[in-house]
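Before any comments, here is the structure.
Values in this text are rule-based calculations from the coordinates and carry no lab data. This one's a predicted model, so the numbers in the text were calculated from it and none came from an experiment. Cβ atoms come from the backbone with ideal geometry, glycine included; neighbour counts cover every protein chain shown.
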Amino acid sequence: MTSSQALELAYRECEAITRREAKNFAYGIRLLHRPERRALSAVYALARRIDDIGDGDEPPEHRLEGLAGVRKQLGELSALGEAGNDPVLLAIADARSRYDLPMDAFEDLVDGCEMDVGGTTYATIDALVVYCRRVAGSVGRLSLAVFGSAGKPGACGLADDLGVALQLTNILRDVKEDKRRGRVYLPASDAAAQGSPPDLSDDESLGRLVAFECTRAEEWFERGLKLLPLLDRRSQACVGAMAGIYHRLLRRIARDPMAVTRSRVSVPASEKLWVAMSCLVSPRGAVAPARVQGAS
């Protein structure tokens, strides 16, 4: 097999992972031109691998060993350009050469997943934002490199802000599932202010806390969506679709905060497709910031 054939198969593997695993991001990635779509699929595939190690069922020490192994591979790739026969790393090496990917962003993601392994709780929103920037803002910064917008003033900070908005929405959606895994992401200071016990064991007060955090997440969306004008049209459509889907998820939770205590809240596939197609016509129209019901 030639090197070009191996690279083609590597990208195909990354695209297959993205189609299979990226329930929301895949809608946006599809809107990119082929070279950028392949590069962002490689970014997603490696991010998915790192996240899966951190979220796995193995004992914590084994998961930490796995994350340390990825960190070593990243170091070798950054210093020597060595990807071995690993298809995901091979695609990342090629994408890095084409788009100057900030490899330290993957290191940030590993740091965030190590925090997850510890089952960390967060005292304040500032502490939680650090985590969100590591696990979600990092992917935003990698995406900016693929879009060719990383050097624009303010772009990286706005990508971080949008990443915080997306991650906060994830946290609100998964609050009960995470609690079962020993993870309580919502800040303890906010829980106390809403009359919720630290372990979120009372659903009624948890509903009040979720409603409060929805307002906070909306504010992060308002900031992060200012990134869109800094992107070219295809990149706007990609980010608009991703953000639009998560924004609609946030709105669903905000309309009924108690829903997250009963089942997993989601956006129907038909609505996700509508958002993606709308973003091809008007990238900002499908995600126009609007206060969630009850926000002030």
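Label reach from Glu21 (point 7 Å along Cα→C-beta): in region 57-93, amide nitrogens under 12 Å belong to 88-89. Of the three principal axes defined by the Cα atoms of region 53-92, the extents in descending order read 31, 18, 12 Å.
What percent do you get for the relative contact order of the chain when only Cα pairs under 8 Å and 6+ apart count? Provide the component values of the computation, followed by the final result.
On the way: 424 pairs, mean separation 55.6, N = 296.
Worked out over the chain, it gives 19 percent.
List residues of region 99-131, by number, whose backbone nitrogen lies under 16 Å from a label position 7 Å along Cα→C-beta of Ala192. The answer is 121-128, whose backbone nitrogens lie closer than 16 Å to the label point.
Between Asp232 and Ile125, what is 0.36 nm times their sequence separation minus the Cα-Cα distance? Round to one decimal in nm.
Details: separation 107, 0.36 × 107 = 38.52 nm, distance 3.24 nm.
Extending this stretch completely gives an extra 35.3 nm.
A protection proxy built from the mean count of other Cβ atoms within 10 Å ranks the segments 259-265, 209-215, most packed first, as 209-215, 259-265. Take every Cα-Cα pair in region 3-287 and report what % of them are more than 30 Å apart. That fraction is 29 percent. The distance separating the Cα centre of region 124-187 from that of region 195-253 comes to 10 Å. Rounded to the nearest 10 degrees, the inclination of helix 60-80 to the longest alpha-carbon principal axis of the chain is 40 degrees. Dipole magnitude for region 3-287: computed about the Cα centre from +1 point charges on Lys and Arg Cβ and -1 point charges on Asp and Glu Cβ, it is near 1300 debye. Of Lys152/Lys272; Lys23/Lys72; Lys72/Lys179; Lys23/Lys179; Lys176/Lys272, which pairs sit farther than 27 Å apart, going by alpha carbon to alpha carbon? Lys152/Lys272; Lys23/Lys72; Lys72/Lys179, as the Cα separations exceed 27 Å there. Could you point to the residue in Ala45, Tyr27, Gly207 farthest towards the positive end of the chain's charge dipole, with +1 and -1 charges on the Cβ of Lys/Arg and Asp/Glu respectively? Farthest towards the positive pole: Tyr27.
Calculated mean residue ellipticity, 222 nm, the chain: -22500 deg cm²/dmol, from DSSP H runs (n ≥ 4) at -39500 (n - 2.57) each, averaged per residue and rounded to 500. Using the Karplus relation 6.51 cos²θ - 1.76 cosθ + 1.60 with θ = phi - 60°, the per-residue 3J(HN,Hα) values for region 172-181 come to 5, 5, 9, 4, 6, 4, 5, 4, 5, 8 Hz, with x marking Gly and Pro.
Could you tell me which of rounded, prolate or oblate describes region 35-150, using a ≥ b ≥ c as the square roots of the eigenvalues of the alpha-carbon gyration tensor, with rounded for a/c under 1.5 and, failing that, prolate when a/b is larger than b/c and oblate otherwise? Numbers along the way, then the final one.
On the way: a/c = 2.26, a/b = 1.35, b/c = 1.68.
Oblate shape, in that a/c is at least 1.5 and b/c is the bigger or equal ratio.
Give the angle, between 0 and 90 degrees and rounded to the nearest 10, that separates the Cα long axis of helix 269-281 from the longest principal axis of the Cα atoms of the chain. That helix lies at roughly 60 degrees to the long axis.
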